[in-house]
Structure formats: C-alpha cells, structure tokens
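Asker: Here it is, the structure in full.
The values are calculated or read from the model by the stated rules, or taken from the named source; none is laboratory data. Keep in mind that this is a model prediction, so the values were computed, not measured. As a convention, Cβ positions derive from the backbone with ideal geometry for all residues, glycine included, and neighbour counts pool all protein chains shown.
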Ligand code: SF4
C-alpha cells in the first residue's frame, strides 16, 4: 500500500523586531532510529550546540539514497514582513516551504498537514485545511524536528548578521521586544537594515523628531521658543546660568523655569550654579555697559557649556533663548555660534528670537500664567537697585 505522509510545519524568528521569518516543512518518509528520536525534543529547550548536532543528523538522513526525511526551508525577509505583515509573511514562508516539499512527494499521498500555532491559514496547494494546534513542538517529534531545522537556519542567519552588526550582540539576544531592545532604539540611526520598520516601536524611532538642546537664560524668555519649537523638535531645556545673582533671585528664576517646563511637558537639565566661573570671566569688566565685552563673555561661557552638554547627549542641534531679549546683542551671540561651529563641526540652530514678536508674546504668556518676571538681566552689575 502506498505510504501516506504527514507533513509538519513550524517556523522560527516570528516574534523578534528584526530579521526574517524562517519556516520548515518536513515529513518522515521512513522510521527513524530511536537514538535520534530521543534526542529531538522541544527545540526551545535545546542548546544551540545540541540543535546543530541534531540538524546535522537530520541532513544526513535527507540526503541518503533512500531519504528517511524530506524537508524544505523558506525564508521571508524583513522587507516583505514590512510590506505584508508578519502573519502573512509567516504564511508565505510556510506555503513556499510546503510547495517545495510537494515536489518530492505527491499531493495525493499526503494524509494531513499539521502546523504548530493557531493561525488558521489555508493553502491553495492542499485540498484539506491544515490542522493547527498550539505548542506541538514540545510533544510531537516531527514538529520538534521541523522546529530544530528552522531554528538552525535562523542561527546561521544570525551569525551572518552578527558579522555586519557586531554591536547588536545578536548571538546572545535574538532581539525580541525586550527592555534592552527598547533602550537600544533611541535614535533613528540605531535602526539597522534588518529591523522590521513597520513594527510600531521601530517606526516610532524613525519618526522621531530631531533633538534640540535649548539653553534657557531665564524662564520668561524660554516660554515662546518652547511653545513654537516643540512641534518640530524634540526639545530638552538646559539651565546653566551661574551669572544670576544673588542666590535667592537665581532660585526664584529656576523655580519659574521648572514651572514652564512642567506646563509645556518638556524635560530639562539643571546644571550647577558655579558663580566663581562667572566672576572669573567678568573680572575687570564690572563697569562694562550691557551688550559690551562682559556680556559677550557671559554669552560665550554659557554657550560653550551648552555645546559640551549637547555633545555629551549626542544632540546635534542646540540653540539659546539669549537672543530673545532686546537687551542682548544677538550679533555677538551669532559670532560665538559661528566660532563654535567652525571649531566643533556641530550644527547650531540659528534663530533670532527677537523676530516675530516673540518677546511680546512671552510677556503675554507670563501674564496669563501668573509667572514671575525679573526686572534686571541677571548679574550683580546689571542689578541697579
Ligand atoms: S548684563 Fe546680563 S548678559 Fe551681561 S554679563 Fe550681566 S547677566 Fe550676563
């Protein structure tokens, strides 16, 4: 009597956020030695080395003159997954593996097709619907064998990818949606060509707005720049203003700054109040009128510190709210930018906040939210009281 075949299909790498999906369709043509059957278990519980060992034995059986097993593997890459979604890509991988296997055995000799999982696919190659049951690879030897073959193919792909992306540590993490993966995906350039970019967390990273570090010289000046820029940029405010004197005034302004960040839901970094630094740069310049040399140095040291912070945070763009006040000389500020730009090859977002009524609008904002407005620039020399 003609042998009837049961075909078993399983997949590997369906759930990670990167890489292709791999499916294996397999059938046992003849009885397999017990010694091998005993080794085949749920492939998830086997070590990589053990899987490889069994895989090699299965390959030998498939290339004998009278093969004891027939199998076929199909790989559907991440580009197709992004195009048709993972469920359809998995179906495609299984369908292709199945139709290749059906070149080796006649369709009329197929008794049934069994698939691990509950996707309820139908295949035009078959007259009957496949049977779907969850977690078979832990119980059925043939599903275990199909699973081992699919996983070893996947491991070989991982090995190749790990040569291209050694930093991903793919051999140890198959890059499921773990916290580690989420923490890794912070910037668009972290997304590799094997990532499944249609997956929400990956897509979100690619859609990320460009990051901008916004130096805030005082909070009223920061209000409108934050409101206007936050739609376009992912803003982080940077508070570094040790020029403000005395400490009570500094605390008042810092408190108001934090209030604005809270209202606008913007993260901020508060840097140290190193007044010594300000007094050092302003030595001999105490009597300078506003907008002159002392102010130039006052802009410079804060901008330099902001650039340092931006570099530390891998933020390419930075700017400052210093230009909003009519008491500041924006030409001097732009000059410093230009110098820092040339020296550091960084990108500065040059915005003259004086334009477009930003100052006037900042007054309206502070009035609306009942927020304190200072009445002098900041340093002891500008406080004429
Ligand atoms: S007047 Fe303003 S900008 Fe000039 S040194 Fe004082 S705090 Fe700095």
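Asker: So is residue 343 exposed (fewer than 15 other Cβ atoms within 10 Å of the Cβ), part of a loop (DSSP other than H, G, I, E, B) and away from the ligand (no atom under 12 Å from the Cβ) or not? Let's see the steps before the verdict.
Answerer: Numbers: exposed (fewer than 15 other Cβ atoms within 10 Å of the Cβ): yes; part of a loop (DSSP other than H, G, I, E, B): no; away from the ligand (no atom under 12 Å from the Cβ): yes.
When the stated conditions are applied, residue 343 does not pass them.
Asker: Output the residue which, of all residues in segment 16-42 that are within 13 Å of residue 150 (Cβ to Cβ) and under 30 Å from the mean Cα position of the chain (by Cα), is surrounded by the most Cβ atoms within 10 Å (Cβ to Cβ).
Answerer: The extreme case among them is 23.
Asker: Okay, next question. May I ask you to say which residue of 331, 280 is within 16 Å of the ligand (Cβ to nearest atom), under 27 Å from residue 232 (Cβ atoms) and without any contact (Cβ under 8 Å) to a residue 12 or more places away in the chain? Even if it seems obvious, please write down each step before you answer.
Answerer: Numbers: 280 fails: under 27 Å from residue 232 (Cβ atoms).
Sole residue among the options that is within 16 Å of the ligand (Cβ to nearest atom), under 27 Å from residue 232 (Cβ atoms) and without any contact (Cβ under 8 Å) to a residue 12 or more places away in the chain: 331.
Asker: While we're on this one: Give the number of residues within segment 346-361 that are surrounded by 15 or more Cβ atoms within 10 Å (Cβ to Cβ) and within 16 Å of the ligand (Cβ to nearest atom).
Answerer: Residues flagged as surrounded by 15 or more Cβ atoms within 10 Å (Cβ to Cβ) and within 16 Å of the ligand (Cβ to nearest atom) within segment 346-361 amount to 2.
Asker: Still on this structure, I have one more. How many residues, within segment 227-245, are more than 16 Å from the ligand (Cβ to nearest atom), surrounded by fewer than 24 Cβ atoms within 10 Å (Cβ to Cβ) and under 20 Å from residue 371 (Cα atoms)?
Answerer: Counting residues in segment 227-245 that are more than 16 Å from the ligand (Cβ to nearest atom), surrounded by fewer than 24 Cβ atoms within 10 Å (Cβ to Cβ) and under 20 Å from residue 371 (Cα atoms) gives 3.
Asker: Test each condition in (1) surrounded by 13 or more Cβ atoms within 10 Å (Cβ to Cβ); (2) away from the ligand (no atom under 16 Å from the Cβ); (3) touching a residue at least 24 places away in the same chain (Cβ under 8 Å) for residue 176 and report the one that comes out false.
Answerer: Of (1) surrounded by 13 or more Cβ atoms within 10 Å (Cβ to Cβ); (2) away from the ligand (no atom under 16 Å from the Cβ); (3) touching a residue at least 24 places away in the same chain (Cβ under 8 Å), only one is false for residue 176: (1).
Asker: Related question: Is segment 250-259 home to any residue that is out of contact with any strand residue (DSSP E or B) (no Cβ under 6 Å at 6 or more places or on another chain), modelled with pLDDT of 85 or more, within 12 Å of the ligand (Cβ to nearest atom) and assigned to a helix (DSSP H, G or I)?
Answerer: The answer is yes, given that some residue of segment 250-259 is out of contact with any strand residue (DSSP E or B) (no Cβ under 6 Å at 6 or more places or on another chain), modelled with pLDDT of 85 or more, within 12 Å of the ligand (Cβ to nearest atom) and assigned to a helix (DSSP H, G or I).
Asker: For segment 362-383, give me each residue that is surrounded by fewer than 16 Cβ atoms within 10 Å (Cβ to Cβ) and assigned to a helix (DSSP H, G or I).
Answerer: 363, 364, 367, 368
Asker: Could you check, for segment 284-292, whether at least one of its residues is surrounded by 14 or more Cβ atoms within 10 Å (Cβ to Cβ) and not in a loop (DSSP other than H, G, I, E, B)? Talk me through it step by step, then tell me what you get.
Answerer: First, the residues of segment 284-292 that are surrounded by 14 or more Cβ atoms within 10 Å (Cβ to Cβ): 285, 288, 290-291.
Add one more test, that the residue is not in a loop (DSSP other than H, G, I, E, B), and what stays is none.
No, every residue in segment 284-292 fails to be surrounded by 14 or more Cβ atoms within 10 Å (Cβ to Cβ) and not in a loop (DSSP other than H, G, I, E, B).
Asker: To continue, here is another question. Given the condition in a loop (DSSP other than H, G, I, E, B), within 22 Å of residue 233 (Cβ to Cβ) and at pLDDT 90 or above, answer yes or no: does some residue in segment 300-310 qualify?
Answerer: no
Asker: Could you count how many residues in segment 311-328 are modelled with pLDDT of 85 or more and within 9 Å of the ligand (Cβ to nearest atom)?
Answerer: 1
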